[in-house]
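Below is one structure, written out as structure tokens; comments come after it.
The values are calculated or read from the model by the stated rules, or taken from the named source; none is laboratory data. All of these numbers come straight from a predicted model, not from anything done at the bench. With ideal geometry, Cβ positions are generated from the backbone for all residues, glycine too; neighbour counts draw on all protein chains shown.
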Amino acid sequence: MDKILDSVNSPADIKRLDISGLRALCGEIREYIVECCSENPGHLASSLGSVELIVGLHYVYDTPSDKLVFDVGHQAYAHKILTGRKEDFKKNRMADGLSGFPNRDESPYDAFGAGHASTSISAALGLAKAARISGSNEKVVAMIGDGAMTGGLALEGLNNAGDSKDDILVLLNDNEMAIDGNRGALHSYLLNFTTDPAYNKLKTHVWNKLGSSRFRSWVQRTVRKTKAGLVNKSGGDLFEAFGFRYFGPIDGNDIAEVVKTLRRLKDIKGPKLLHTCTVKGKGYEPAEADPTTWHAPGKFEPVTGKRLSGPYKADRYQDVFGGVLMELARKDPKVVGITPAMATGSGMTGFAEKFPDRFFDVGIAEEHAVTFAAGLAAGGMKPFCCIYSTFAQRAYDEIIHDVALQHLPVILCFDRAGLVGEDGATHQGVFDLAAMRSIPNTVIAAPKDEKELKDLLYKGLEITDGPYIIRYPRGLGEKAEWRDIPPSPIEVGKSERLLEGSKVAILALGPSVNRAVEAAGRFKAKTGECPSVYNVRFLKPFDLGMMEEISRFKAIITVEDGALKGGLFSEVSEYVASRGLDILVKGAGIPDHFISQDSQASQRAACGLDTDSIQASLENLFSEI
């Protein structure tokens, strides 16, 4: 029997279906997402839970004329499949394939790009205002997960949108709150009544007749309080306080209820919020049972749910961080751990279990995480605040004003620094070196391997004038032993010479050091010439002694897993230029454009950061000089 999904190539194709057809389509979309993600890993559980919401939105609204704005994009796989990208979804998050997130360059159905959380409401409000100014009657919907609602930007958007008269629907996809407690005769009656077209037409007529008088304000407050008293268990009073008309909660995995409610809300004017409750991982038993693991499970066997990633060949940097943080906490009762909703990804779940009173997950709120850490430091604690590098960009102001300016010893651990692979342009952690280097009172360190990460984390206990930034990459380390080995003392601002040579010096930062050493070894074996290789280790303070040592060299190659503009290459170039040295400086790093999704290895090769590229640079440079 032919599948409905086989004949769906755009949202127009689903509008001919009845509810039973839509229900079958939702099941087929789930099967397709599981099938594709089992071979080509992606963000699974969130997208499984949101299928009915996305099918309902495309069924009721006229996309792409009407605009759908997604928050983060982990929940948007069904959207991609329905909007002409069904076959391309098999190459989701792959080179020359689809981005893992909504992308304006990819499809006219992607009204706004998404990668970092909590942006949807602000973007949707901008689109709604643009439509009103231009005289368009298009509808705008922002679909946001409950986790993203913890972000300050989402609340800023709510505050501004609720004060406007713009026609915007915020669809809250809540996959944590229980549904049963909010369902019943009274709730169902209120939902049907408040979304009824006749009721809303009468309500609008009454408000217009009352004008802008004080009496109207009093009546509205009275109605709002009465309604809040009836539905406050679902949180509706909070959104009403922001100026939104609140509807729900409804079962977001019931396509009939989703379609009925969206149809009724479509023509209600002004800012409104529909609260939907969904099950993360819906329809796939392993994902429903463990949605955290199945958020991004890697490869798996779709029938049994057996994960196929196998044992790690080396420790992941995030696990080294988590393990060492527990060591530090055992030694010092003032050590605390902070994460903005990334406990599992940052390797902090063990710490949270062992030291629950000293672990703080602040939600998707990077700015708050940093200032909260600053407050802890001001109170005499030793905060280790772990943030993905790409998300730390959001806390730039707080790092400057709340940490550096006040000389507070906050240890900022930037996970996923450098090239991150399949997550693509929105998640590359390549801008932190350039961004942070100009901040006074700041130490910036990058370990070459797992053991050096441990050493640098221990150094954090000695920091008295912060911030102290340690950046380390996504994924596996270099197989360096670190367990049950005492930390080695490291002097802040001091590099390490790993190979002694002549003519050319390679200055490498972070795990790129290992590829630089390997390239230099190959080059020596091939030519008999050997460059000096330095593990820079600290971008700031920069080791001027190292630079004096190599000032007699003819050329320098810098190697960094970060933006060339503003990072190590800039630091070295500025030193050479300021002293009028006759030294040729070449840089390997991230060029001045955004890096799309691909494997980390392929991205490194494209940026000249793999061993072969560094060796080729050496050969060219020795020939040139």
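So if I check each of Val572, Val576, Val533, Val513, which one is of a type in the set (Val, Ile, Thr), free of Cβ contacts under 8 Å to residues at least 40 places away in the same chain and in a helix (DSSP H, G or I)?
Val576
Identify the residue in segment 496-518 that is surrounded by 19 or more Cβ atoms within 10 Å (Cβ to Cβ) and over 33 Å from the mean Cα position of the chain (by Cα) and, among all such residues, is farthest from Arg471 (Cα to Cα).
Val504
Output the residues belonging to segment 77-105 that are under 21 Å from Ile255 (Cβ atoms) and either not aromatic (Phe, Trp, Tyr) or not in a helix (DSSP H, G or I) (or both).
Matches in segment 77-105: Ala78, His79, Lys80, Ile81, Leu82, Thr83, Lys86.
If I ask for residues that are over 27 Å from Lys334 (Cβ atoms) and of a type in the set (Val, Ile, Thr), which ones from segment 403-435 would you list?
Passing the criteria: Val420, Thr426, Val430.
State which residue pairs qualify: first residue in contact (Cβ under 8 Å) with a residue 60 or more places away in the chain and inside segment 319-335, second residue aromatic (Phe, Trp, Tyr) and in a strand (DSSP E or B) in any location, beta carbons under 8 Å apart, and separation of 6 or more residues or different chains.
Filtered contacts from segment 319-335: Leu325/Phe384; Leu328/Phe384; Val335/Phe384.
Evaluate segment 594-611: report whether one residue or more is buried (at least 16 other Cβ atoms within 10 Å of the Cβ), over 24 Å from the mean Cα position of the chain (by Cα) and without any contact (Cβ under 8 Å) to a residue 60 or more places away in the chain.
yes
Does segment 162-171 contain any residue that is assigned by TED's automatic domain parsing to the domain that holds Glu28, closer than 27 Å to Gly429 by Cβ and surrounded by 22 or more Cβ atoms within 10 Å (Cβ to Cβ)?
No: zero hits.
Give the number of residues within segment 528-545 that are at pLDDT 95 or above, surrounded by fewer than 21 Cβ atoms within 10 Å (Cβ to Cβ) and out of contact with any Lys or Arg (no Cβ under 8 Å at 6 or more places or on another chain).
Qualifying residue count, segment 528-545: 3.
Would you pick out the residues in segment 6-35 that are more than 18 Å from Val258 (Cα to Cα), touching a Phe, Trp or Tyr at 6+ places or on another chain (Cβ under 6 Å) and in contact (Cβ under 8 Å) with a residue 60 or more places away in the chain?
Val34
In the list His58, His74, which residue meets the criterion of being within 30 Å of Leu125 (Cβ to Cβ) and part of a helix (DSSP H, G or I)?
Unique residue meeting the criteria: His58.
Out of the residues in segment 289-331 meeting the condition of being β-branched (Val, Ile, Thr) and assigned to a loop (DSSP other than H, G, I, E, B), tell me which one is nearest to Glu478 (Cα to Cα).
Per the criteria, the residue is Thr292.
Is it the case that some residue within segment 458-474 is more than 30 Å from Ala373 (Cβ to Cβ), touching a residue at least 40 places away in the same chain (Cβ under 8 Å), among the small types (Gly, Ala, Ser) and not in a loop (DSSP other than H, G, I, E, B)?
Within segment 458-474, none of the residues are more than 30 Å from Ala373 (Cβ to Cβ), touching a residue at least 40 places away in the same chain (Cβ under 8 Å), among the small types (Gly, Ala, Ser) and not in a loop (DSSP other than H, G, I, E, B).
Taking the residues in segment 343-389 that are among the hydroxyl-bearing types (Ser, Thr, Tyr) and in contact (Cβ under 8 Å) with a residue 60 or more places away in the chain as candidates, determine which candidate is surrounded by the most Cβ atoms within 10 Å (Cβ to Cβ).
Ser389
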